[in-house]
Amino acid sequence: QSTPMATFGALADDAAEDSVPTSVLLRRLEVLAVRANISELENWVDHEINGWPTLKDIPEYRGPFDAIVLAHISGPMGAGYENYPLPPEAFGAKAAEGALFKLVFLQSMTELESLIAGGEQMWQERWPADTVLLANQLISAGGFPKINRTFVINQAYKVIPIPAIV
């Protein structure tokens, strides 16, 4: 039977290698935390393995970060743009601090690893349909004077570069 220090040493050696997935390291760390009865570490590892339930207690390395938001918009007489950058300032002074323009990673480590392994250069998080509908209603009513009232947002999404996940 290995001692906790030997097990910790093996975990540290594996952590120094790129070949062991972070999710595997976390599961090993969870076992050590339980055996050593370190509840705070056990709780943190559990959230990293299973995902963070709320924004309340997430660590700083999971966000919030400023997001680039792109949209597909259309206007009169067939006018339209794809991947048009939406500046938060166009939606009011406080929009940059809101969830629509911030990235937060609540996902489990396994989910994040699968996004990284997917081979994509970026990932996107779409705005909910009801949010797009509300934004279009406010634009049409002149609620966002910096946005042309004749244009409609068809889809909007936050751009998440894979290196931000890594």
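Summary table
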{"quantity": "Net charge of neighbours whose Cβ lies under 12 Å from the Cβ of SER108, counting Lys and Arg as +1 and Asp and Glu as -1", "calculated": "-2"}
{"quantity": "Area accessible to solvent at GLU40, 1.4 Å probe radius, in Å²", "calculated": "150"}
{"quantity": "Evaluated at q = 0.27 Å⁻¹: base-10 log I(q)/I(0), Debye formula over Cα of the range 122-166", "calculated": "-0.89"}
{"quantity": "Quotient of C-alpha Rg and 2.2 N^0.38 Å, computed over the range 87-134", "calculated": "1.45"}
{"quantity": "Alpha-carbon centroids, the range 36-93 and the range 94-132: separation in whole Å", "calculated": "5"}
{"quantity": "The range 2-107: Cα Rg divided by the 2.2 N^0.38 Å rule of thumb", "calculated": "1.65"}
{"quantity": "Solvent-accessible area, 1.4 Å probe, carbon plus sulfur percent, for the chain", "calculated": "58"}
{"quantity": "Rounded accessible area per residue of the chain, 1.4 Å, Å²", "calculated": "64"}
{"quantity": "Cα pair count fraction exceeding 23 Å, expressed as % - the range 72-166", "calculated": "33"}
{"quantity": "Sparsely packed trypsin sites (Lys or Arg not before Pro) within the range 66-161, loop by DSSP, other Cβ within 10 Å at most 10", "calculated": "LYS94, LYS146"}
{"quantity": "Close Lys-Lys pairs in the chain, where close means Cα under 18 Å and separation is 8 or more or interchain", "calculated": "5"}
{"quantity": "Cα→Cβ-extended label distance, 7 Å offset, between GLU40 and ALA16, nm", "calculated": "2.7"}
{"quantity": "Rg/Rh ratio calculated on Cα atoms of the range 15-69 (Kirkwood radius)", "calculated": "1.06"}
{"quantity": "For the chain, calculated [θ]222 nm from helices alone, where every DSSP H run of n ≥ 4 adds -39500 (n - 2.57)", "calculated": "-11500 deg cm²/dmol"}
{"quantity": "Fully extended contour minus Cα-Cα distance, from VAL24 to VAL166, at 0.36 nm per residue", "calculated": "49.5 nm"}
{"quantity": "Rounded to 10°, Cα long-axis angle of helix 22-35 versus longest principal axis of the chain", "calculated": "50"}
{"quantity": "Rounded to whole Hz, the Karplus (6.51, -1.76, 1.60) HN-Hα couplings of the range 36-42, x for glycine and proline", "calculated": "8, 6, 10, 5, 5, 5, 4"}
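The values are calculated or read from the model by the stated rules, or taken from the named source; none is laboratory data. The structure presented is a predicted model; accordingly, all values stated were derived computationally and were not measured. Here the Cβ is made from the backbone with ideal geometry for all residues, glycine too, and neighbour counts use every protein chain on show. Ligands, DNA and RNA are stripped out before the accessible areas are found, and what is left, the full protein with its side chains, is counted by its heavy atoms. Shrake-Rupley method; radii C 1.70, N 1.55, O 1.52, S 1.80 Å.
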